[in-house]
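Undergrad: Next up is a structure, given as structure tokens.
The values are calculated or read from the model by the stated rules, or taken from the named source; none is laboratory data. None of the values given here were measured: they were computed from a predicted structure. Virtual Cβ from ideal backbone geometry, glycine too; neighbours counted across all protein chains shown. For the accessible areas, the whole protein counts, side chains as well, though only heavy atoms, and no ligand, DNA or RNA atoms are used. Shrake-Rupley method; radii C 1.70, N 1.55, O 1.52, S 1.80 Å.
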Amino acid sequence: MRQYHKLCRHILENGVEKTDRTGTGTISTFGYQSRYDLRKGFPLMTTKALHWPSIAHELLWFLHGDTNVAYLNENGVRIWNEWADKRGSLGPVYGKQWRNWTRLEEYVDYGFDGDDEYSYTSTDAISYDQIADVIEQIRTNPDSRRLLVNAWNVGELDQMALPPCHFAFQFYVANGRLSCQLYQRSADVFLGVPFNIASYALLTHMIAHVTGLEVGEFVHTLGDAHIYTNHIEQVRTQLERDLRPLPQLMIKRKVTDIDDFTFDDFEIVGYDPHPHIAGKVAV
């Protein structure tokens, strides 16, 4: 994970102090890209331990189209609880946009009042399953430049507990390999980014698996890349630690439908990280 350490050093050496929504304060830079060759190992941080079940269950939760924290809590994952309402709802966040993007479509219909014909406007809600669509396009039109999923639904942002940080990703097929590029508008480099890297690497493996492809690269493009001021010492501690070999991801059975994956289908082999480093989430 030298790429991640390079990102951290870049922010510490070049970042500017900025205020933020949470009132915590950050050191921030704008515009940064890292590339991870998924053939060389699964990019799960080794200079601090990450909670693999949280990463996998959160991604499965997104893919289920779920937006309530109940599933996460049932599986010991509490990373979304700070933003949930009393019923556990987060509004139309990632899962809703990935699997059930909705737009209203107006059309003109006609009726009769006696012998007089009149027209009126009706509205239908049209739903799009972006994940199912992009998988179908990868199978049938792999050279398409439209293999995109977008969670930034401007018509529903005000209903979301937290607007999406990692909001748009694109797939690319070449030489029998599937690559993924993620654009992340806001990147909490100490706490969030290690999860995001592992999550989208896992998603790339899953979609490659169901489409009969091998994995290629995960490309991570960041907008506002920041370290919160209360995480600076933790980042420095992490940078002092030696890098260890990356683990491998094993998918233990053949799966052809993205919706059929379960947590037990995955195994992380050879993960030997340094101890966890705690940090407070800025809410």
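Undergrad: When segment 168-198 is examined, which residues are found to be of a type in the set (Lys, Arg) and either within 10 Å of the chain's Cα centre (by Cα) or under 17 Å from residue 33 (Cβ atoms) (or both)?
TA: Just the residues of segment 168-198 that are of a type in the set (Lys, Arg), to begin with: 177, 185.
If the condition is that a residue be of a type in the set (Lys, Arg) and either within 10 Å of the chain's Cα centre (by Cα) or under 17 Å from residue 33 (Cβ atoms) (or both), then 185 is the only one that fits.
Undergrad: State whether one or more residues within segment 275-283 are surrounded by 15 or more Cβ atoms within 10 Å (Cβ to Cβ) and more than 24 Å from residue 81 (Cβ to Cβ). Even if it seems obvious, please write down each step before you answer.
TA: Our first condition is that a residue be surrounded by 15 or more Cβ atoms within 10 Å (Cβ to Cβ); within segment 275-283, this holds for 277, 279, 282.
From the residues that got through so far, the ones that are more than 24 Å from residue 81 (Cβ to Cβ) too are none.
Scanning segment 275-283, I find no residue that is surrounded by 15 or more Cβ atoms within 10 Å (Cβ to Cβ) and more than 24 Å from residue 81 (Cβ to Cβ), so the answer is no.
Undergrad: From the list 186, 179, which one is of a type in the set (S, T, N, Q), under 19 Å from residue 26 (Cα atoms) and open to solvent by 10 Å² or more (accessible area, probe 1.4 Å)?
TA: Numbers: 179 fails: under 19 Å from residue 26 (Cα atoms).
Result: 186 is the single residue among 186, 179 that is of a type in the set (S, T, N, Q), under 19 Å from residue 26 (Cα atoms) and open to solvent by 10 Å² or more (accessible area, probe 1.4 Å).
Undergrad: Do you know which of the residues in segment 189-204 that are in contact with a helix residue (DSSP H, G or I) (Cβ under 7 Å, 6 or more places away or on another chain) and over 26 Å from residue 229 (Cβ atoms) is surrounded by the most Cβ atoms within 10 Å (Cβ to Cβ)?
TA: 202
Undergrad: Keeping to segment 30-83, report how many residues are among the aliphatic types (A, V, I, L, M), surrounded by fewer than 17 Cβ atoms within 10 Å (Cβ to Cβ) and part of a helix (DSSP H, G or I).
TA: Qualifying residue count, segment 30-83: 1.
Undergrad: Hey, any hits in segment 223-242 for a residue that's among the aromatic types (Phe, Trp, Tyr) and in contact with a helix residue (DSSP H, G or I) (Cβ under 9 Å, 6 or more places away or on another chain)? Show your work before the answer.
TA: Step one: filter segment 223-242 for residues among the aromatic types (Phe, Trp, Tyr), giving 228.
This time we only want the ones that are in contact with a helix residue (DSSP H, G or I) (Cβ under 9 Å, 6 or more places away or on another chain), so: none.
No, the conditions are met nowhere in segment 223-242.
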